[in-house]
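Participant: Please find one structure pasted underneath; my questions will follow.
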Amino acid sequence: MPMDNPQPERRPHPLERRPTPPPEQPPRQRVMLHIPSVRPTATYILVLLNIAIFALRAVSSEVDASLFLWGANHPPDVLIGGEYYRLLSSMFLHASIYDFRGGFAPANSLHLIFNMYILYAVGTSLERLFGHARFIIVYLLGGLAGSVLSTLLGSFESYSVGASGAVFAVLGAEFVYLHHHRRLMGEAGRARRQSLLTFGIVNLLFGLASSLPGSAMRIDNWAHIGGLAGGMTLAWFISPILTLRMHPDHPGEILGEDTNPLGKRYWVVSVYATVLVVLVFIGVFLARR
């Protein structure tokens, strides 16, 4: 009886094979990270001080005008009149609640509200990481860089007020801190850096648009640029640099130690301040020629 020849078994095509499931990954273990931090006292004080000065100016249009004319950043008064204090005092003044006729203009308070909101939102987190001294250095010296650049490159007859330069310095310092710790912060840090970059670009473009003819608002772009550059420069050298090691007192937890103490970087602050002074006196020399 004839027998059927068995057909050879067909080998499956590689695309027909079921993929081998990847080996199961062990679940990620959460580890507690301890980072030195402080209470953001300086941020609270700066916010309250700016609000208090705004409230004092709101007492009357006469008080408002007097404080504005006394403290606004006005290049002729700074470079020719020698009133250098205006570089600092202008950082604590904002758009008046009165219009040029002495009537109420509540919408002008948005200048203060916007600056203080950003200072509170960013400053409270940055000061915790930077400490009081570093944060105050970034805020004041970064803001002064904005005032100096505004005086030297802005409109010579303009009056400039606002904490925007100092606020941009704080934003720039946060960006640098996140850059220094980009591996530690991971995707959350990258997203935050992107957010800060977008915010800065939008504000600078908005400021440029405000300088076009017919615009009802004038924004001091040079103060923003100077503050941003000053804050980033300072933070590049004086911001905390954390290295991780096992916590000596809590097994299984990690301690972040600052390997860039401020005490070793005061020379950078001195050089930075000296450069600002030199720039001011160059402006004085050119203005008085």
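The values are calculated or read from the model by the stated rules, or taken from the named source; none is laboratory data. Remember, predicted model here, so these are calculated numbers, not experimental data. Every residue, glycine as well, gets a Cβ built from its backbone with ideal geometry; the counts of neighbours run over all protein chains shown.
Participant: Filter segment 141-173 down to the residues that are out of contact with any Lys or Arg (no Cβ under 9 Å at 6 or more places or on another chain), in a helix (DSSP H, G or I) and of a type in the set (A, V, I, L, M) and list them by number.
Facilitator: 141, 144, 145, 148, 149, 152, 153, 166, 167, 169, 170, 171
Listed here are the residues, each with its yes/no results for (1) at pLDDT below 65; (2) of a type in the set (D, E, K, R); (3) surrounded by 14 or more Cβ atoms within 10 Å (Cβ to Cβ); (4) under 27 Å from the mean Cα position of the chain (by Cα).
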| position | (1), (2), (3), (4) |
| --- | --- |
| 16 | yes, yes, no, no |
| 34 | yes, no, yes, yes |
| 51 | no, no, yes, yes |
| 65 | no, no, yes, no |
| 72 | no, no, yes, yes |
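Participant: Checking the condition modelled with pLDDT under 95, not hydroxyl-bearing (Ser, Thr, Tyr) and not in a loop (DSSP other than H, G, I, E, B), which residue from 236, 267, 222 passes?
Facilitator: Of the residues listed, the single one that is modelled with pLDDT under 95, not hydroxyl-bearing (Ser, Thr, Tyr) and not in a loop (DSSP other than H, G, I, E, B) is 222.
Participant: List every residue pair whose Cβ atoms sit under 7 Å apart, with the two residues 6 or more apart in sequence or on different chains, where the first one lies in segment 34-46 and is within 13 Å of residue 255 (Cβ to Cβ) and the second, anywhere, is among the basic types (Lys, Arg).
Facilitator: Matching pairs, first to second residue: 37/128.
Participant: Taking residue 118, is it of a type in the set (A, V, I, L, M, F, W, C), in a helix (DSSP H, G or I) and loosely packed, with under 15 Cβ neighbours inside 10 Å?
Facilitator: Considered against the rule, which asks whether it is of a type in the set (A, V, I, L, M, F, W, C), in a helix (DSSP H, G or I) and loosely packed, with under 15 Cβ neighbours inside 10 Å, residue 118 comes out as no.
Participant: So which residues in segment 130-153 are surrounded by fewer than 20 Cβ atoms within 10 Å (Cβ to Cβ) and under 13 Å from the mean Cα position of the chain (by Cα)?
Facilitator: Once the filter is applied, which keeps residues that are surrounded by fewer than 20 Cβ atoms within 10 Å (Cβ to Cβ) and under 13 Å from the mean Cα position of the chain (by Cα), segment 130-153 yields 136, 140.
Participant: Right, something else. How many of the residues making up segment 154-168 are hydrophobic (A, V, I, L, M, F, W, C) and surrounded by fewer than 19 Cβ atoms within 10 Å (Cβ to Cβ)?
Facilitator: 1
Participant: Could you please tell me which pairs satisfy a Cβ distance under 7 Å, a separation of 6+ or placement on different chains, a first residue in segment 263-289 that is over 20 Å from residue 240 (Cβ atoms), and a second residue that is small (Gly, Ala, Ser) and assigned to a helix (DSSP H, G or I)?
Facilitator: If the second residue must be small (Gly, Ala, Ser) and assigned to a helix (DSSP H, G or I), the pairs left are 276/145.
Participant: Still on this structure, I have one more. Of the residues that make up segment 176-188, is at least one in contact (Cβ under 8 Å) with a residue 24 or more places away in the chain, outside any helix (DSSP H, G or I) and more than 24 Å from residue 92 (Cβ to Cβ)?
Facilitator: yes
Participant: Return the residues of segment 126-141 that are over 16 Å from residue 226 (Cβ atoms) and aromatic (Phe, Trp, Tyr); say none if nothing qualifies.
Facilitator: The answer is 130, 135.
Participant: Further, regarding this structure: Of the residues that make up segment 160-179, is at least one more than 20 Å from residue 113 (Cα to Cα) and in contact with a strand residue (DSSP E or B) (Cβ under 7 Å, 6 or more places away or on another chain)?
Facilitator: No, that holds for no residue.
Participant: Sticking with this structure for a sec: Looking only at residues that are part of a helix (DSSP H, G or I) and among the polar types (S, T, N, Q) in segment 89-115, which one is farthest from the chain's Cα centre (by Cα)?
Facilitator: Checked segment 89-115; the qualifying residue farthest from the chain's Cα centre (by Cα) is 108.
Participant: Which one of 227, 214 is under 26 Å from the mean Cα position of the chain (by Cα) and either at pLDDT 80 or above or not in a helix (DSSP H, G or I) (or both)?
Facilitator: 227
Participant: Somewhere in segment 166-183, is a residue touching an Asp or Glu at 6+ places or on another chain (Cβ under 9 Å) and small (Gly, Ala, Ser)?
Facilitator: No, every residue in segment 166-183 fails to be touching an Asp or Glu at 6+ places or on another chain (Cβ under 9 Å) and small (Gly, Ala, Ser).
Participant: What about residue 118, is it modelled with pLDDT of 95 or more, over 29 Å from residue 62 (Cβ atoms) and not charged (D, E, K, R)?
Facilitator: no
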